[in-house]
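Participant: Here it is, the structure, as structure tokens.
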């Protein structure tokens with residue numbers, strides 16, 4: 001078997017996404033034949049080299065698994081939670097492979113969540129340039145005006161937020177250690193009223209996934225978001241009950257990979273001006 005980059009080997013084994021694997025390597029937690037490796041360009045042959053992650057021997061590549069989960073409210077979209085809250089992995093039963101969530105839905109949000117051990121696809125989908133559309137239905141407190149809705153449609157400036165610091169190799173930051181994000185303008189989006197009322201529902205399609213983005217957008221126009229449910233992710237549609245999951249079909253996996261690759265190609269073309 002020809003040598004491959006270490007981060008690709010680690011991702012194929014289902015240990016982590018390729019980006020996370022790069023963090024493990026840079027953090028000095030990966031060794032090849034007894035030697036610590038920190039250079040991201042390092043290659044190895046998984047059939048002949050002894051690769052260890054934090055002292056544990058890496059097994060062969062896992063069968064790739066792709067799951068669609070209906071995340072309920074009250075679960076965090078992480079592998080573990082320092083506060084002891086239930087995570088989406090608590091809902092994954094009967095699956096032998098180690099999967100992890102792609103993207104995020106906040107604690108109070110629900111809806112379609114993809115889980116997989118395909119690190120390469122996960123990296124493509126979560127990269128800022130992917131632009132794979134995600135559609136939500138959102139219940140808002142109070143009635144936004146037509147002008148306010150149009151403001152959301154064209155993009156709004158989000159104020160900086162403080163969020164926990166990420167540390168190398170996945171280690172948790174010290175208690176209270178936080179970073180302040182920069183103000184950022186959201187990309188144009190599709191939004192339409194789907195149910196009128198004192199607390200109306202809107203359908204929103206975004207091509208980005210900033211932290212708590214929908215809640216922050218409505219906050220900027222003076223409205224509180226009561227409920228958020230993601231109903232579509234690229235070619236996938238939410239079709240299972242809360243707390244339930246299913247495997248993606250071969251066709252759905254191919255469509256998802258095509259959507260991720262197509263969006264990245266469009267982004268490269270726009271960037272290069274070709």
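Participant: Is there a residue in region 7-19 that is in a strand (DSSP E or B) and out of contact with any strand residue (DSSP E or B) (no Cβ under 7 Å at 6 or more places or on another chain)?
Facilitator: Within region 7-19 (the criterion being in a strand (DSSP E or B) and out of contact with any strand residue (DSSP E or B) (no Cβ under 7 Å at 6 or more places or on another chain)), the answer is no, since none of the residues qualifies.
Participant: Same structure again: Among the candidates 231, 240, which residue alone is surrounded by fewer than 19 Cβ atoms within 10 Å (Cβ to Cβ) and either in a loop (DSSP other than H, G, I, E, B) or over 16 Å from the mean Cα position of the chain (by Cα) (or both)?
Facilitator: It is 240.
Participant: Go through region 32-79 and give me each residue that's loosely packed, with under 11 Cβ neighbours inside 10 Å and within 22 Å of residue 96 (Cα to Cα).
Facilitator: Result: 56, 57, 60, 63.
Participant: Tally the residues that are under 17 Å from residue 233 (Cβ atoms) and surrounded by 15 or more Cβ atoms within 10 Å (Cβ to Cβ), restricting the search to region 191-206.
Facilitator: Looking only at that region, the number is 3.
Participant: Determine the pairs where a residue that is in a loop (DSSP other than H, G, I, E, B), located within region 56-76, has a partner that is at pLDDT below 90 and surrounded by fewer than 18 Cβ atoms within 10 Å (Cβ to Cβ) with Cβ atoms under 6 Å apart, the partner being 6 or more residues away or on another chain.
Facilitator: 62/97; 65/97
Participant: Sticking with this one: Tell me which residues, restricted to region 92-121, are outside any loop (DSSP other than H, G, I, E, B) and either outside the structural domain of residue 204 (by TED's automatic domain parsing) or in contact with a helix residue (DSSP H, G or I) (Cβ under 8 Å, 6 or more places away or on another chain) (or both).
Facilitator: 100, 101, 102, 113, 114, 115, 116, 119, 120, 121
Participant: Would you say residue 83 is within 26 Å of residue 102 (Cβ to Cβ) and not in a loop (DSSP other than H, G, I, E, B)?
Facilitator: Against the criterion (within 26 Å of residue 102 (Cβ to Cβ) and not in a loop (DSSP other than H, G, I, E, B)), residue 83 does not qualify.
Participant: Being in contact with a strand residue (DSSP E or B) (Cβ under 6 Å, 6 or more places away or on another chain) and within 25 Å of residue 232 (Cβ to Cβ) is the filter; apply it to region 80-90 and report the residue that is surrounded by the most Cβ atoms within 10 Å (Cβ to Cβ).
Facilitator: Checked region 80-90; the qualifying residue surrounded by the most Cβ atoms within 10 Å (Cβ to Cβ) is 88.
The values are calculated or read from the model by the stated rules, or taken from the named source; none is laboratory data. Since the structure is predicted, the reported quantities are computational estimates derived from the model, not experimental observations. Glycine gets a Cβ as well: all are built from the backbone with ideal geometry, and neighbour counts include every protein chain shown.
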